[in-house]
Amino acid sequence: MRKSILSVFLLIASLIAFSACDDDGATCGNGKVEAAEECDDGNDVDDDGCTNLCTLPRCGDAIVQAGEECDDGNDINFDSCTNDCRTPRCGDGILQEGEECDDGNWNNNDACTTECSIAVCGDGFVQLGVEQCDDGNEVDDDGCSNDCKLPNCGDGIVQAGEECDDGNLNNNDSCLNSCVSAFCGDSYVQTGVEECDDANMDNTDGCLNSCEVATCGDGYVRVGVEACDDGNDDDTDSCTSECKLPTCGDGFVQAGEECDDGNMDNSDDCLNTCLLPSCGDTHIQAGVEECDDGNNVDGDWCASDCTRECFLGDATAIQDDHCYMVFTETVDWDNAAQACNLIGAHLVEITDSAENTLVAGLASGVVSSYWIGLTDQWSEGTFVWYLYPDNFLAPVYTNWAAGEPDNTSLGETGNSNCVIQTSSSEEWADEECDLSYGYVCEYEWE
């Protein structure tokens, strides 16, 4: 409506000008260019080379002249006619109604396409500096993703050549960072699936080829840890359930063993050689045998039935692990000591009052006085028990008679270096060593 009113106004103005004269007497339309006229073609045709106002045609005079697509006579650039008298179009650099943008170029790789729409991912044009690619589709697993990025491992999209793609950098899930599906032997422990993964095919280390931690009983011998592994829990075959080679003393009865109690005690019902104990094996079986000297010979302190023998002498007694033997034959102290040593015994050593009474009681009625093993012949006044050659013990108990030891014998002083016991009083006295008395020997079982 606005343009129609303007056209009518211009037409009326041109008619008035055509029929009127200027102040200087010029008449527009008389065919003569006069005064301030730019032209005068003497007609009322407005769109030829001279307007009805006798002005040369120009863009913006509201008259569509040759070479103009339009002319709305205003300086509004974004209406239906531009200021250069062209019909508005996409690419003219002027943002018109219906256009999102118009940058005036024919470059589809900038922020505004040649269709005057704002460049977006998926329009089929690669926006430089913004997009890596744009294939104009919504297919995510072709050569260009839906966010206009070139495909790469880790983008969360499984592309050609990839087994998987979970879009993270976690090598412990079902998809590795290399976009290969996790598998036993890839060197990564898959959480909740694998116990270990050492990326080798060696079943003798700490991780099996099944990605399970090596354990005793898995059937594989772990180097440096297991001696064997037969894959079962049978302790009586060639490999125990602890993956150790069978040995005597492991507590398991193997082939060739009569027993195996797993200890180092030879006095129970299984020897350390894994043989059943027997009389004559040199080991005293507790509660069964009294002795065991490793032979079946009688008369050597241990009988062939492994009972203790204490039979020499004129009177004998067994007390605890000791055999006491009273000999009535009279000899000097040295010969008495040698006689005891020859049978594997020694002159009796008395260590307490109970033993003192035992020895005196055994000798009572057999012999009145007798040699015991106490002497000071090697150091006057220092009495020791002589057990075997070079084996001496200091006394821990004595039972001297009144005035003893007095180093006096038969009225002579200075030679009483050996000791006798009197059975009736149980008391001791020192006498000359070369006198003759009976004697008491003592044998000790170990």
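The values are calculated or read from the model by the stated rules, or taken from the named source; none is laboratory data. Predicted, not measured: the structure shown is a model, and the values here were computed from it. Heads up, the Cβs are rebuilt from the backbone with ideal geometry, glycines too, and the neighbour counts pull from every protein chain shown.
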Open item on the list: Condition check: crowded, with 17+ Cβ neighbours inside 10 Å, acidic (Asp, Glu) and modelled with pLDDT under 95. Does Asp250 satisfy that?
Closed with: yes
- [ ] For segment 348-360, name all the residues that are surrounded by 15 or more Cβ atoms within 10 Å (Cβ to Cβ) and assigned to a helix (DSSP H, G or I).
- [x] Glu355, Asn356, Leu358, Val359, Ala360
- [ ] Would you check if there is a residue in segment 174-194 being closer than 30 Å to Gln159 by Cα, touching a strand residue (DSSP E or B) at 6+ places or on another chain (Cβ under 8 Å) and either surrounded by 15 or more Cβ atoms within 10 Å (Cβ to Cβ) or touching a residue at least 60 places away in the same chain (Cβ under 8 Å) (or both)?
- [x] yes
Open item on the list: Cβ contacts < 6 Å: first residue over 26 Å from Asp237 (Cβ atoms) and among the hydrophobic types (A, V, I, L, M, F, W, C), restricted to segment 260-286; second residue modelled with pLDDT of 95 or more and not in a loop (DSSP other than H, G, I, E, B), any location; separation 6+ or different chain. Result?
Closed with: none
TODO: Please indicate, with yes or no, whether at least one residue in segment 57-64 is in a loop (DSSP other than H, G, I, E, B) and over 30 Å from Asn30 (Cα atoms).
DONE: no
- [ ] Considering only segment 103-142, state which residues are charged (D, E, K, R) and either touching a residue at least 40 places away in the same chain (Cβ under 8 Å) or within 19 Å of Val158 (Cα to Cα) (or both).
- [x] Asp134, Asp135, Glu138, Asp140, Asp141, Asp142
- [ ] Check Gly185, Gly206, Gly161 and return the single one that is more than 30 Å from Val221 (Cα to Cα) and not hydroxyl-bearing (Ser, Thr, Tyr).
- [x] Gly161
- [ ] Note down all Cβ pairs under 7 Å where the first residue falls in segment 144-172 and is in a loop (DSSP other than H, G, I, E, B), the second is among the hydroxyl-bearing types (Ser, Thr, Tyr) and surrounded by 15 or more Cβ atoms within 10 Å (Cβ to Cβ), and they're at least six residues apart or on different chains.
- [x] Pro151/Ser145; Asp155/Ser145; Ile157/Ser145; Asn171/Tyr188; Asn172/Tyr188
Task: strands (runs of 3 or more DSSP E) completely within segment 361-433 that count 2 or more residues being crowded, with 17+ Cβ neighbours inside 10 Å and either in contact with a strand residue (DSSP E or B) (Cβ under 6 Å, 6 or more places away or on another chain) or small (Gly, Ala, Ser) (or both) - done: 369-375, 384-388, 416-422, 428-432
Task: Criterion: over 30 Å from His322 (Cβ atoms) and in a loop (DSSP other than H, G, I, E, B) - qualifying residue of Cys239, Cys291, Cys279, Cys270 - done: Cys239
